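Participant: Here it is: the structure, laid out below.
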(Lines give C-alpha, C1' and ligand atoms only; values in the text may rest on other atoms or scores of the structure.)
Protein backbone atom coordinates (compact mmCIF):
# COMPACT_ATOMS: atom_id res chain seq x y z
CA UNK A 1 0.00 0.00 0.00
CA UNK A 2 1.31 3.43 -0.95
CA UNK A 3 1.64 5.61 2.15
CA UNK A 4 1.28 8.97 0.39
CA UNK A 5 -0.31 8.87 -3.02
CA UNK A 6 -0.91 11.74 -5.36
CA UNK A 7 -2.62 11.90 -8.71
CA UNK A 8 -2.02 12.47 -11.49
CA UNK A 9 1.64 11.57 -11.86
CA UNK A 10 1.97 13.61 -15.06
CA UNK A 11 -0.06 16.62 -16.12
CA UNK A 12 0.39 18.53 -19.36
CA UNK A 13 -1.93 21.47 -19.88
CA UNK A 14 -2.23 24.77 -21.67
CA UNK A 15 -1.70 28.20 -20.19
CA UNK A 16 -4.81 29.65 -18.63
CA UNK A 17 -6.35 26.32 -17.69
CA UNK A 18 -7.40 25.30 -14.18
CA UNK A 19 -6.16 21.99 -12.79
CA UNK A 20 -6.18 20.01 -9.55
CA UNK A 21 -3.76 17.59 -7.97
CA UNK A 22 -5.02 15.19 -5.34
CA UNK A 23 -3.15 13.78 -2.38
CA UNK A 24 -4.07 11.14 0.15
CA UNK A 25 -2.11 9.61 3.02
CA UNK A 26 -2.99 6.42 4.87
CA UNK A 27 -0.44 6.85 7.66
CA UNK A 28 -2.79 8.52 10.13
CA UNK A 29 -0.60 11.64 10.16
CA UNK A 30 -1.90 14.99 11.36
CA UNK A 31 0.21 17.21 9.12
CA UNK A 32 0.31 17.43 5.35
CA UNK A 33 2.35 19.60 3.01
CA UNK A 34 2.68 20.73 -0.56
CA UNK A 35 6.18 21.32 -1.93
CA UNK A 36 7.26 22.62 -5.32
CA UNK A 37 10.49 21.43 -6.95
CA UNK A 38 11.59 23.67 -9.79
CA UNK A 39 13.92 22.97 -12.70
CA UNK A 40 16.95 23.65 -10.49
CA UNK A 41 15.73 20.87 -8.19
CA UNK A 42 15.15 23.25 -5.29
CA UNK A 43 12.37 21.97 -3.01
CA UNK A 44 10.31 24.79 -1.57
CA UNK A 45 7.37 24.52 0.79
CA UNK A 46 4.10 25.99 -0.41
CA UNK A 47 1.54 25.04 2.21
CA UNK A 48 1.25 23.09 5.42
CA UNK A 49 -1.94 21.85 7.06
CA UNK A 50 -2.26 20.47 10.56
CA UNK A 51 -5.54 18.68 11.34
CA UNK A 52 -7.20 20.33 8.34
CA UNK A 53 -6.09 23.80 9.40
CA UNK A 54 -3.79 25.91 7.25
CA UNK A 55 -0.59 26.56 9.18
CA UNK A 56 1.94 27.68 6.59
CA UNK A 57 1.29 29.65 3.42
CA UNK A 58 4.60 30.60 1.88
CA UNK A 59 3.86 33.63 -0.31
CA UNK A 60 2.25 31.48 -2.94
CA UNK A 61 0.11 33.29 -5.58
CA UNK A 62 -3.62 33.29 -4.92
CA UNK A 63 -4.05 31.13 -8.01
CA UNK A 64 -2.95 28.22 -5.81
CA UNK A 65 -5.63 27.07 -3.40
CA UNK A 66 -5.16 24.06 -1.15
CA UNK A 67 -8.15 22.22 0.27
CA UNK A 68 -8.16 19.68 3.07
CA UNK A 69 -11.55 17.92 3.35
CA UNK A 70 -10.16 15.72 6.12
CA UNK A 71 -6.75 15.16 7.64
CA UNK A 72 -5.98 12.31 5.25
CA UNK A 73 -6.41 14.46 2.14
CA UNK A 74 -4.80 17.65 0.89
CA UNK A 75 -5.64 18.68 -2.64
CA UNK A 76 -4.11 21.51 -4.63
CA UNK A 77 -6.10 23.51 -7.13
CA UNK A 78 -4.36 25.86 -9.53
CA UNK A 79 -6.22 28.52 -11.50
CA UNK A 80 -5.08 30.26 -14.67
CA UNK A 81 -1.94 28.21 -15.10
CA UNK A 82 1.21 30.00 -16.22
CA UNK A 83 4.39 28.73 -17.87
CA UNK A 84 6.30 29.36 -14.64
CA UNK A 85 4.08 26.90 -12.80
CA UNK A 86 5.80 24.04 -14.61
CA UNK A 87 7.53 22.00 -11.90
CA UNK A 88 7.22 18.82 -9.89
CA UNK A 89 4.74 19.16 -7.03
CA UNK A 90 5.22 16.88 -4.03
CA UNK A 91 2.69 16.14 -1.36
CA UNK A 92 4.04 14.99 2.00
CA UNK A 93 2.82 14.11 5.47
CA UNK A 94 4.33 13.83 8.93
CA UNK A 95 3.20 12.64 12.34
CA UNK A 96 4.27 15.74 14.18
CA UNK A 97 4.43 19.29 12.94
CA UNK A 98 7.84 19.57 11.31
CA UNK A 99 9.84 17.75 13.93
CA UNK A 100 9.57 14.26 12.57
CA UNK A 101 10.15 12.45 9.33
CA UNK A 102 8.12 13.62 6.35
CA UNK A 103 6.89 11.01 3.89
CA UNK A 104 6.57 12.16 0.30
CA UNK A 105 4.29 11.15 -2.52
CA UNK A 106 5.77 10.25 -5.90
CA UNK A 107 5.29 13.75 -7.22
CA UNK A 108 3.19 15.28 -9.99
CA UNK A 109 5.16 16.54 -12.96
CA UNK A 110 3.22 19.54 -14.25
CA UNK A 111 4.07 20.97 -17.65
CA UNK A 112 2.32 24.11 -18.82
CA UNK A 113 2.55 24.76 -22.56
CA UNK B 1 21.81 34.31 3.09
CA UNK B 2 19.82 31.18 2.25
CA UNK B 3 18.09 29.47 5.16
CA UNK B 4 19.82 26.18 4.38
CA UNK B 5 22.90 26.12 2.18
CA UNK B 6 24.75 23.17 0.67
CA UNK B 7 27.54 22.75 -1.82
CA UNK B 8 25.61 21.54 -4.90
CA UNK B 9 28.58 19.54 -6.19
CA UNK B 10 28.52 17.42 -8.22
CA UNK B 11 30.78 15.03 -6.36
CA UNK B 12 32.17 12.25 -8.55
CA UNK B 13 33.91 9.55 -6.54
CA UNK B 14 35.07 5.98 -7.18
CA UNK B 15 33.53 3.04 -5.41
CA UNK B 16 35.02 2.58 -1.98
CA UNK B 17 35.80 6.26 -1.48
CA UNK B 18 34.84 8.31 1.55
CA UNK B 19 32.92 11.48 0.80
CA UNK B 20 31.67 14.27 3.06
CA UNK B 21 28.88 16.78 2.53
CA UNK B 22 28.45 20.00 4.44
CA UNK B 23 25.46 22.15 5.17
CA UNK B 24 24.93 25.43 7.02
CA UNK B 25 21.70 26.90 8.32
CA UNK B 26 20.81 30.46 9.25
CA UNK B 27 18.16 30.10 11.97
CA UNK B 28 19.95 29.53 15.27
CA UNK B 29 16.69 28.45 16.87
CA UNK B 30 16.22 25.50 14.52
CA UNK B 31 15.34 22.36 16.42
CA UNK B 32 15.56 19.31 14.20
CA UNK B 33 17.90 18.31 11.44
CA UNK B 34 17.79 15.62 8.80
CA UNK B 35 19.50 14.25 5.74
CA UNK B 36 17.20 13.13 2.93
CA UNK B 37 18.12 11.31 -0.22
CA UNK B 38 16.47 11.87 -3.59
CA UNK B 39 17.04 9.57 -6.55
CA UNK B 40 16.58 10.86 -10.08
CA UNK B 41 12.90 11.55 -10.84
CA UNK B 42 11.84 10.15 -7.47
CA UNK B 43 10.55 11.59 -4.22
CA UNK B 44 12.86 12.55 -1.32
CA UNK B 45 13.23 9.92 1.40
CA UNK B 46 14.65 10.23 4.88
CA UNK B 47 18.22 8.96 5.12
CA UNK B 48 18.81 9.81 8.76
CA UNK B 49 18.04 12.28 11.49
CA UNK B 50 20.94 14.30 12.91
CA UNK B 51 21.42 14.45 16.66
CA UNK B 52 23.55 16.82 18.71
CA UNK B 53 25.86 14.05 19.81
CA UNK B 54 26.35 12.83 16.26
CA UNK B 55 24.99 9.55 15.01
CA UNK B 56 25.96 6.70 12.78
CA UNK B 57 23.97 4.31 10.64
CA UNK B 58 26.16 1.74 8.96
CA UNK B 59 28.40 3.56 6.48
CA UNK B 60 26.72 6.91 7.15
CA UNK B 61 27.71 9.33 9.91
CA UNK B 62 25.93 12.61 10.62
CA UNK B 63 27.29 15.43 12.77
CA UNK B 64 25.73 18.62 14.09
CA UNK B 65 27.57 21.69 15.34
CA UNK B 66 25.02 24.06 16.81
CA UNK B 67 27.56 26.77 17.62
CA UNK B 68 28.65 26.97 13.99
CA UNK B 69 25.17 26.11 12.64
CA UNK B 70 26.71 23.39 10.57
CA UNK B 71 25.66 19.86 9.66
CA UNK B 72 27.68 17.19 7.91
CA UNK B 73 27.17 13.79 6.35
CA UNK B 74 30.01 11.33 5.87
CA UNK B 75 29.65 8.31 3.61
CA UNK B 76 32.32 5.63 3.92
CA UNK B 77 33.03 2.86 1.42
CA UNK B 78 30.82 4.41 -1.27
CA UNK B 79 28.66 2.09 -3.35
CA UNK B 80 27.29 2.64 -6.83
CA UNK B 81 23.83 2.66 -5.25
CA UNK B 82 24.76 5.72 -3.17
CA UNK B 83 24.53 7.87 -6.33
CA UNK B 84 21.74 10.34 -5.62
CA UNK B 85 21.08 13.89 -4.47
CA UNK B 86 21.53 14.41 -0.73
CA UNK B 87 19.32 17.04 0.85
CA UNK B 88 20.06 18.81 4.11
CA UNK B 89 16.80 19.59 5.92
CA UNK B 90 16.18 21.84 8.90
CA UNK B 91 13.07 22.28 10.98
CA UNK B 92 12.55 25.96 11.69
CA UNK B 93 11.55 27.06 15.14
CA UNK B 94 9.79 30.14 16.33
CA UNK B 95 7.69 32.82 14.73
CA UNK B 96 5.49 32.27 11.73
CA UNK B 97 7.81 29.63 10.30
CA UNK B 98 7.47 27.28 13.26
CA UNK B 99 7.48 23.66 12.17
CA UNK B 100 8.52 24.40 8.61
CA UNK B 101 10.88 21.87 7.07
CA UNK B 102 13.35 23.82 4.93
CA UNK B 103 15.40 21.98 2.33
CA UNK B 104 18.85 22.83 1.06
CA UNK B 105 19.37 22.80 -2.71
CA UNK B 106 20.90 19.34 -2.54
CA UNK B 107 24.33 17.89 -3.23
CA UNK B 108 24.65 15.57 -6.21
CA UNK B 109 26.77 12.46 -5.69
CA UNK B 110 27.85 10.12 -8.46
CA UNK B 111 29.77 6.99 -7.52
CA UNK B 112 31.54 5.36 -10.45
CA UNK B 113 33.15 1.91 -10.82
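Participant: Can you say whether residue B:106 is under 13 Å from the mean Cα position of the chain (by Cα) and more than 19 Å from residue A:35 (Cα to Cα), as far as the supplied structure shows? Don't jump to the end; show me each part of the working.
Facilitator: Working: under 13 Å from the mean Cα position of the chain (by Cα): yes; more than 19 Å from residue A:35 (Cα to Cα): no.
Answer is no for this residue.
Participant: Then there's this: Can you find even one residue in region A:70-90 that is surrounded by 21 or more Cβ atoms within 10 Å (Cβ to Cβ) and facing chain B (nearest Cβ under 8 Å)?
Facilitator: yes
Participant: Among the candidates B:109, B:46, B:101, B:87, which residue alone is in contact with a helix residue (DSSP H, G or I) (Cβ under 7 Å, 6 or more places away or on another chain), closer than 29 Å to residue A:109 by Cβ and within 14 Å of another protein chain (Cβ to nearest Cβ)?
Facilitator: On inspection, the qualifying residue turns out to be B:109.
Participant: Step by step: first the residues of region A:2-17, then only those that are in a loop (DSSP other than H, G, I, E, B) and more than 14 Å from chain B (Cβ to nearest Cβ), then the one that is surrounded by the fewest Cβ atoms within 10 Å (Cβ to Cβ). Which residue is that?
Facilitator: Per the stated criteria, the residue is A:14.
Participant: Kindly evaluate residue A:20 against the criterion of being at pLDDT 95 or above, surrounded by 12 or more Cβ atoms within 10 Å (Cβ to Cβ), assigned to a loop (DSSP other than H, G, I, E, B) and more than 14 Å from chain B (Cβ to nearest Cβ).
Facilitator: Values: at pLDDT 95 or above: yes; surrounded by 12 or more Cβ atoms within 10 Å (Cβ to Cβ): yes; assigned to a loop (DSSP other than H, G, I, E, B): no; more than 14 Å from chain B (Cβ to nearest Cβ): yes.
So residue A:20 fails the test.
Participant: Same structure, new question: For the condition out of contact with any helix residue (DSSP H, G or I) (no Cβ under 9 Å at 6 or more places or on another chain), modelled with pLDDT under 95 and surrounded by fewer than 21 Cβ atoms within 10 Å (Cβ to Cβ), what is the one hit in A:100, A:111?
Facilitator: A:100
Participant: Is it the case that residue A:102 is under 20 Å from residue B:45 (Cα atoms) and more than 8 Å from chain B (Cβ to nearest Cβ)?
Facilitator: So residue A:102 fails the test.
Participant: Still on this structure, please answer the following. Looking only at region A:33-49, filter to residues that are more than 13 Å from residue A:59 (Cα to Cα) and at the interface with chain B (Cβ under 8 Å from one of its Cβ atoms); which one of those is farthest from the chain's Cα centre (by Cα)?
Facilitator: Within region A:33-49, the match that is farthest from the chain's Cα centre (by Cα) is A:40.
Participant: Could you check region B:1-94 for strands (runs of 3 or more DSSP E) lying wholly inside it with 2 or more residues that are surrounded by fewer than 18 Cβ atoms within 10 Å (Cβ to Cβ)? Lay out the reasoning, then the answer.
Facilitator: Working: elements: B:4-6, B:11-14, B:19-25, B:32-38, B:44-50, B:55-57, B:60-65, B:70-75, B:84-91.
Those strands (runs of 3 or more DSSP E) span B:11-14, B:19-25, B:44-50, B:55-57, B:60-65, B:70-75.
Participant: Only one of A:25, A:37 is in contact with a strand residue (DSSP E or B) (Cβ under 7 Å, 6 or more places away or on another chain), in contact (Cβ under 8 Å) with a residue 24 or more places away in the chain and closer than 30 Å to residue B:9 by Cβ; which? Break it down stepwise before answering.
Facilitator: Values: A:25 fails: closer than 30 Å to residue B:9 by Cβ.
That would be A:37, the only listed residue that is in contact with a strand residue (DSSP E or B) (Cβ under 7 Å, 6 or more places away or on another chain), in contact (Cβ under 8 Å) with a residue 24 or more places away in the chain and closer than 30 Å to residue B:9 by Cβ.
The values are calculated or read from the model by the stated rules, or taken from the named source; none is laboratory data. None of the values given here were measured: they were computed from a predicted structure. Note that each Cβ is placed from the backbone with ideal geometry, even for glycine, and that neighbours are counted across all protein chains shown.
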